[in-house]
Amino acid sequence: IALLVAFGKFTIPAQIDFAGWIILIYLGLIVTGVAYLTYFKAMETLGATQSSRVFFLKPVVATIFALILLGEKLSIFKVLGMLIVLISLAL
């Protein structure tokens, strides 16, 4: 975003209403903030190595949740991506 702003390519959409801004603020501050707080707490508790493993499991967990909650289709690329992550964490 910083590069887009620097080169004048970033514009704030005029169509976002008050509810849209509330949602954006919620996603930016609450969701992201809680994620980082739990990550740093995990680093204190588990150490950097273990908490990094949990951190790198996020794409696998997100894919599984998308399959279950959103009904997304499982493609060969998603399976390969999850396998690569899981194998790399096992090494």
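List of remarks:
- Beta carbons closer than 8 Å, at least 6 apart along the sequence or on distinct chains, pair a first residue in the range 63-90 that is under 22 Å from Ser52 (Cα atoms) with a second that is among the β-branched types (Val, Ile, Thr) and surrounded by 10 or more Cβ atoms within 10 Å (Cβ to Cβ) for Lys78/Thr63; Gly81/Thr63; Met82/Val60; Met82/Thr63; Val85/Val60; Leu86/Val60.
Yes or no, residue by residue, for (1) aliphatic (A, V, I, L, M); (2) out of contact with any Asp or Glu (no Cβ under 8 Å at 6 or more places or on another chain):
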{"residue": "Ile25", "(1), (2)": "yes, yes"}
{"residue": "Gly28", "(1), (2)": "no, yes"}
{"residue": "Gly33", "(1), (2)": "no, yes"}
{"residue": "Leu37", "(1), (2)": "yes, yes"}
{"residue": "Ala48", "(1), (2)": "yes, yes"}
{"residue": "Ser52", "(1), (2)": "no, yes"}
{"residue": "Phe55", "(1), (2)": "no, yes"}
{"residue": "Ala62", "(1), (2)": "yes, yes"}
{"residue": "Ala66", "(1), (2)": "yes, no"}
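- A single entry from Leu27, Leu3 fulfils the requirement of being surrounded by fewer than 10 Cβ atoms within 10 Å (Cβ to Cβ) and at negative phi: Leu3.
- Applying the set (1) modelled with pLDDT of 90 or more; (2) within 16 Å of Ala35 (Cα to Cα) to Leu57 leaves exactly one unmet item: (1).
The values are calculated or read from the model by the stated rules, or taken from the named source; none is laboratory data. Since this is a predicted model, take the numbers as computed values, not measurements. Using ideal geometry, Cβ is built from the backbone for each residue, glycine included, and neighbour counts are taken over all protein chains shown.
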